[in-house]
Amino acid sequence: MADRAQTNGFSIIGKPLAMADAVSKVTGIGKYADDLSVPGMLIGKILHSPYPHARIRSIDTSRAEALNGVKAVATGQDAPNPYGILPIGHDERVFAVDKARYIGDNVAAVAATTAEIAEQALDLLRVDYERLPAWFDPEESMKAESDWIHEERAHNIEKEYHHVFGDPDQGFAQADFVAEERYYAGEVNHAAMEPHSTLAIWEPHERLTVHSSTQVPFYLHRTIAEVCEMPMSQIRVIKPLIGSGFGGKSEIIPLEIAACVLAKKSRKPVKITYTREEVFLAHRGRPITIVYLKVGITRAGKIAAVQARVVQDGGAYCGYGPVTVLYSGALLGAIYDIANVRYDGFRVLTNKPACGAMRGHGTVNVRFAFESILDQLSHQAGLDPLEVRRRNLLKAPCITANSLRVTSYGLPECIEKVFERSNWKGKKGKLPYGKGIGVACSHYVSGAANPIVRSNMPHTTVYIKIDRDSAVTVYTGASEIGQGSDTMQIQIAAEVLGVCTERIKLVGADTELTPVDLGSYSSRVTFMAGNACLNAAKDMRDQLFAAVAKKLGCSPSDLVAKNDRVSHVSDPAKSVSFDEAVAIALEFHGALVGRGTYAPPEAARGGKFRGAGVGPSPAYSYSAQVAEVTVDPETGHLHVDKVVAAHDCGKALNPLTVEGQIEGSVYMGFGQALQEDMIWKDGRLMNPSLLEYRIPGTKENPDIESIIVESVDPEGPFGAKEAGEGSLAATIPAIANAVYDAVGVRINSVPITPEKILEALRAKEKALATSKPPPEKSSAPGMAR
Amino acid sequence: MSLPAFRVLQPRTVDEACRMLAEHGAEAMVIAGGTDVIPNLQMKLFAPHVLVDIKLLRELSQIEFSPRGGLRIGATASLTHVLETPWLAEEFPVLSSAVATIAGPLQRNMGTIGGNLCLETRCRWYNQSYFWRQSLGGCLKKEGDVCHVAPGGKFCWAAWSGDSAPAFLALEAEIEIASVSGARRVPLRDFYKNDGKDRISLTRNELLTSVHVPARMAGRRGVYHKLRVRDSIDYPLAGVAVAMEVDASGICRDARVALSAVNPAPLLVRGAGEMLVGQKWSRELAERVAHAAIQTGKPLTTSASTPIYRRDIVRVFTRRALEEVWKNGQASS
Amino acid sequence: MNKGIVHLRINGEEREIAIAPNRLLLDALREDLGLTGSKRGCDDSSCGCCAVLINGVPMLSCVALAASYENCDITTVEGLGGPSDLDPVQEGYAEMGGAQCGYCTPGFMIATKALLDRNPNPTMEEIREALSGNLCRCTGYMQIYESVKYALEKRRAISAAAASGVRAPVVR
């Protein structure tokens, strides 16, 4: 069980609270997209390209259209407008118009009265392809002189960024120990348990209502309008319950647009639900990442300079790609006090499904590299790796070398907590051969300070309505995807208005009913929607207080709202119930609507260099973790016995859900560290299933001890920052470092499979037998055993 | 992922089942728990017109033991039923230890012993969706003429991926097969053909009805070691079963070692028994048997794990399993 | 394909549905009976989201042909309890964070219910084993274990109260 912080006199904030939608989930009443059906609904199926790179000469739809029960067939010609999640790189079309660019690319779709007929119709579509040479390896793809995946992207490079902060060359000159390594991270998928699903309903008056499994209903709204060439005012997007996203639903996924195109064409409701294989083909997960990393430290353990060249295998479309590669650079060094950083980042196109944002977007694989090399350097320098992290801490508030503004910094406390709870002192270097302990740190943004589409509009808006029934209704665009954001907003509104949570109702993420929120990504919701909700609730409270103060003959500043009453702070006789307060306020104001918005302050928006827009956040979360492992040196089998994870979330508005987020992050990091890997052969995904893409189950999953650290951010709602992503990145290097402690080999490639461990152990044995051991290994304390 | 159109026949007796199979022959498939058959049908690996659902054949759901007849497990006994029969774990530990590793509890509640002994062989170029295989152009086992595991070859290497079969092999089990022309008993070792494309000696009008273990195998020490990534759900990447009789002085009186997931059939390790009988435990002997095991086990790239690694593991698991059973359940070093 | 009439006892009620022989129980529940609580998460019987109790035993409805379970007793998540009469298992998953996104939750609750019905006092190892056919992508399983513990304590309290003739106390 986890460590929970104090509640500091709040009524609701800081107390563990069951999620507001928990009962609808545990009874099966709540509806996810695929649970919805309407009379006359057609089932849509998508035809995918069997080739990784092929020109489409023609598509013959006639036989499919003639099949009884087929109501619409759509191809690229039906919706040729390009789109993409960023303002740049609009290179996707719902169905390929000129070329198919990966096995699984979307070529056409069919809507029919049953799934069986739709599947039969797909078999009747005849596509004439001209096969083209294809690119699968990012470092090879970068060298391509012809057959570029998108003609306008020379050498298949989607984007490259080159940043220098401070003077890295001078830094390396001052370093006493320098290490240079190549790290490799395999590709991973979100594997949310709910496969994507969209129901698009063609309505009277040329309107379209879309229920979709999305983390970004408002971007979906905009994109449907662009592709279907309809005014946004004719489209309504509703987010039902979401079976989690982890970033996999934070872009526009082809089925979402395909369902709309088919609905518009057939003038009927159309539902498309992906198979699990299609989920993998739609992908948008964490890319294969190759990191060439060089770091130097001084004898005292101070990081002197960092240099990284990062190549990301982005797949066939841009998606969030430029953001991913910028996050990798921005977050690489900013966790510690590092003056000198050189970063060269490349986002490369290949003929594989597009990568995108996945939990810990951009930071996870570079953190694995960085925390691993720091461990290696600590051993080279004869220093305790945990102590080395202590010696490189920032002193908040501050601005990092790459212009990120740090307002609160709980990393020191995170490190001390895991130091104590793991018994680091008693274990590091003292465990028997085969047992090991490792430490690593990570951090993450609490939302992006700069919106994806630059504007001066708020990032999020919340309305609160109260009427004669005295119910408080929160209208929020924020997308609850299982992380508890609805509950978080209910708690904030209840705390400010001094009412019990049962009085609060929440209407969320419906473009017709709720104001705009940019979506559930970049861990932005608690900070941004939380602040907007806080502002709306304060606005509402001010209106109530103004009316009640007049009635009671006092000043509004004398009033407090608590326990479903509005009362004079020092005169108990002056008190009305919340219901009475509402009636008084309705008589006074006529209508009661509280409004709140949030936009990050100018000071949080970062530097001015090219690419400086990604990385800045109004606040950063911090994590430190210690992993304990057991390695079987004969089989290479790795078992993670325990992970102690401390996370600085600013203020845990709801400790129950914060712990759930920390533990879920550690779990996902564990999966990537040991067993999750999308295996490719010539652009073909060999394991597109939950049987072969092995997300962890109960038996091998480690015990996780979560510890909440509260640094109370000056700008966060009640001091809160993000909790949903930041912990993931520390888990992987903590495990890798523990493997080194256990058996003395460094695995610089994830997943850390038994094969890799065994291979490394044999290589080490061979090296020891034939020559002098390399210096790093000889100085390692683990080697004495 | 819709299912093909088929009729479901539910026989009430084995005779009726045999008549149905005789009548529908090539276009029929047998289904019991469904955990293997249904996903395969969804992938369109088969398109039977008739499914003969033998779930209701109560006569095949029994697990019984008699000193004369030995152990008999009916084909439709669920894997959970096997695990929850306490005397089985006492008397036939290799079997319980193997069945406990099959998939997860939900799958074991449905999956049957008969189904597990008749599993389809598995290969990563084969157990894929219709779309996936179409994009590949098929393989030797299905819809094509190229083996992607051993290109140029004309042999299908799809791996036997069941866990109970090696345990039964180590126990010298026989199976009973019924058809309209009567019942026949065959040694389990003769049932498997070591051909990924044509895995078992069972014609389309025959039904595996039960598996039998000789009474003399009762009380025999044994254990099954399974290589997998997750500690549940996964099919084996390699498996080693050992059953052994050890006398009071620690001398091996009889022993068998069997492998799974490294060949198109579950196979007994050639020569293992001869090497072990009459011997006392020694690590050197165990290493020799382990070496024999990797002469029998020929893993290829049918799964995500590499053949080299799986061979290494077969060797280590064989030695460890021998040590464990010889030292009577004590943990191996 | 010709449809046939299949009789099932779903959550205690006799139901009769006309379905094709190749109809999976999961689809029959979700599409023919409107019981969408059971979910589809995979296509190869590996995730457990579709688990239901068939004659008290947790099974995967995604690989069960509905017609094969004629006259069987089937309990889905909807049959565990409604919003005002939650089963202790449902209460546990709601209160202790076992349900985050909620998509795997019906399957986990079915497996939990089956476990506690057979073994009211499971060890941690038995809990892990019983839930090892279900996958959850949100929780990291720790709060699922807390949810199971909540449920078993609540059940214990209820049976203790029943034995002494008093109303069940609230656990938390």
Exercise for the section: From (1) more than 22 Å from A:V462 (Cα to Cα); (2) open to solvent by less than 50 Å² (accessible area, probe 1.4 Å); (3) not assigned by TED's automatic domain parsing to the domain that holds A:E710, pick out the condition that doesn't hold for A:F578. Expected result: (1)
Completion exercise
Conditions (1) more than 10 Å from every other protein chain (Cβ to nearest Cβ); (2) under 20 Å from the mean Cα position of the chain (by Cα) -> A:V640 fails only (2)
Practice task
Would you mention how many residues in the range B:275-310 are of a type in the set (V, I, T) and within 12 Å of another protein chain (Cβ to nearest Cβ)?
Solution key: 4
Completion exercise
Listed by first then second residue, the pairs whose first member lies in the range C:79-92 and is free of Cβ contacts under 8 Å to residues at least 24 places away in the same chain, whose partner is of a type in the set (D, E) and surrounded by 17 or more Cβ atoms within 10 Å (Cβ to Cβ), with beta carbons under 9 Å and at least 6 positions apart or on separate chains, are C:G81/C:D87; C:G81/C:E91
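Yes/no per residue for (1) within 12 Å of chain B (Cβ to nearest Cβ); (2) over 23 Å from the mean Cα position of the chain (by Cα); (3) at pLDDT below 95; (4) farther than 28 Å from B:L227 by Cα:
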{"residue": "A:S689", "(1), (2), (3), (4)": "yes, no, no, no"}
{"residue": "A:G697", "(1), (2), (3), (4)": "yes, no, no, no"}
{"residue": "A:L728", "(1), (2), (3), (4)": "no, no, no, no"}
{"residue": "A:I735", "(1), (2), (3), (4)": "no, no, no, no"}
{"residue": "A:V743", "(1), (2), (3), (4)": "no, yes, no, no"}
Practice task
Report yes if some residue within the range C:78-93 is closer than 30 Å to C:A18 by Cβ and touching a helix residue (DSSP H, G or I) at 6+ places or on another chain (Cβ under 8 Å); otherwise report no.
Solution key: yes
Problem - Members of the range A:62-103 that are surrounded by 16 or more Cβ atoms within 10 Å (Cβ to Cβ) and part of a helix (DSSP H, G or I) - result: A:A64, A:G76, A:D78
Practice task
Filter the range A:673-684 down to residues that are closer than 22 Å to A:V364 by Cα and open to solvent by less than 10 Å² (accessible area, probe 1.4 Å) and give me whichever is farthest from the other protein chains (Cβ to nearest Cβ).
Solution key: A:A673
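Residues checked against (1) more than 14 Å from chain A (Cβ to nearest Cβ); (2) among the aliphatic types (A, V, I, L, M); (3) in a loop (DSSP other than H, G, I, E, B); (4) over 22 Å from B:R315 (Cβ atoms):
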| residue | (1), (2), (3), (4) |
| --- | --- |
| B:F131 | no, no, no, yes |
| B:V149 | no, yes, yes, no |
| B:N205 | yes, no, yes, yes |
| B:H225 | no, no, no, no |
| B:D231 | no, no, yes, no |
| B:V240 | no, yes, no, no |
Completion exercise
When the range C:89-139 is checked residue by residue, the ones that are open to solvent by 10 Å² or more (accessible area, probe 1.4 Å), more than 18 Å from C:L60 (Cβ to Cβ), more than 9 Å from chain A (Cβ to nearest Cβ) and in contact with a Leu (Cβ under 8 Å, 6 or more places away or on another chain) are C:P120, C:N121, C:P122, C:E126
Problem - Wholly within the range B:1-102, helices (runs of 4 or more DSSP H) carrying at least 2 residues that are surrounded by fewer than 19 Cβ atoms within 10 Å (Cβ to Cβ) and not polar (S, T, N, Q) - result: B:14-24, B:86-91
Completion exercise
Screening A:S665, A:S711, A:S706 for residues that are more than 8 Å from chain C (Cβ to nearest Cβ), under 27 Å from A:V439 (Cα atoms) and among the hydroxyl-bearing types (S, T, Y) leaves only A:S711
Handout entry: A:R454 within 28 Å of the chain's Cα centre (by Cα), surrounded by fewer than 24 Cβ atoms within 10 Å (Cβ to Cβ), away from chain C (no Cβ under 14 Å) and assigned to a loop (DSSP other than H, G, I, E, B)
Key = yes
Problem - Options C:S147, C:S132, C:S159; residue that is outside any helix (DSSP H, G or I) and among the polar types (S, T, N, Q) - result: C:S132
Problem - Residues within the range A:459-487 that are open to solvent by less than 10 Å² (accessible area, probe 1.4 Å) and either under 17 Å from A:S522 (Cα atoms) or within 14 Å of chain C (Cβ to nearest Cβ) (or both), tallied - result: 10
Handout entry: Residue within the range C:57-76 that is within 12 Å of chain A (Cβ to nearest Cβ), open to solvent by 20 Å² or more (accessible area, probe 1.4 Å) and among the hydroxyl-bearing types (S, T, Y) present
Key = yes
Completion exercise
Across the range A:199-224, the tally of residues that are open to solvent by 10 Å² or more (accessible area, probe 1.4 Å) and in a helix (DSSP H, G or I) stands at 4
Practice task
Using the structure shown, decide if B:T112 is more than 28 Å from B:R230 (Cα to Cα) and in contact (Cβ under 8 Å) with a residue 24 or more places away in the chain.
Solution key: no
Exercise for the section: Could you list, in sequence order, all residues of the range A:745-785 that are over 10 Å from A:G636 (Cβ atoms), small (G, A, S), part of a helix (DSSP H, G or I) and at pLDDT 95 or above? Expected result: A:A763
Exercise for the section: Sort out for me the helices (runs of 4 or more DSSP H) sitting completely within the range A:356-433 that have 3 or more residues that are of a type in the set (D, E, K, R) and crowded, with 22+ Cβ neighbours inside 10 Å. Expected result: A:364-380
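Keeping to the range A:152-181, report how many residues are in a strand (DSSP E or B) and within 10 Å of A:G296 (Cα to Cα).
Number satisfying all stated conditions: 4.
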Practice task
All but one of (1) over 33 Å from the mean Cα position of the chain (by Cα); (2) not assigned by TED's automatic domain parsing to the domain that holds A:E278 hold for A:T113, so report the exception by its number.
Solution key: (2)
Problem - Hits in the range A:547-567 - residues which are over 13 Å from A:D579 (Cα atoms), in a strand (DSSP E or B) and open to solvent by less than 40 Å² (accessible area, probe 1.4 Å) - result: A:L559
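When you go through A:L124, A:L47, A:L17 one by one, which is the residue that is of a type outside the set (D, E, K, R), within 27 Å of C:T36 (Cβ to Cβ) and modelled with pLDDT of 95 or more?
Matching residue, one of A:L124, A:L47, A:L17: A:L17.
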Exercise for the section: Go through the residues of the range A:609-627 one by one and say whether even a single one is loosely packed, with under 15 Cβ neighbours inside 10 Å and either more than 14 Å from chain B (Cβ to nearest Cβ) or free of Cβ contacts under 8 Å to residues at least 24 places away in the same chain (or both). Expected result: yes
Fill in the blank from the handout: Expected single match for more than 17 Å from B:W160 (Cα to Cα) and within 21 Å of the chain's Cα centre (by Cα) among B:R288, B:R283, B:R270, B:R311 is B:R270
Exercise for the section: Test C:M142 against the stated conditions and say whether it is open to solvent by 20 Å² or more (accessible area, probe 1.4 Å), of a type outside the set (D, E, K, R) and modelled with pLDDT of 95 or more. Expected result: yes
Exercise for the section: Can you tell me which residue among B:F6, B:F46 is at the interface with chain C (Cβ under 10 Å from one of its Cβ atoms) and modelled with pLDDT of 95 or more? Expected result: B:F6
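The values are calculated or read from the model by the stated rules, or taken from the named source; none is laboratory data. Since this is a predicted model, take the numbers as computed values, not measurements. Glycine gets a Cβ as well: all are built from the backbone with ideal geometry, and neighbour counts include every protein chain shown. Accessible surface is based on the protein model in full, side chains and every heavy atom, while ligands, DNA and RNA are left aside. Shrake-Rupley method; radii C 1.70, N 1.55, O 1.52, S 1.80 Å.
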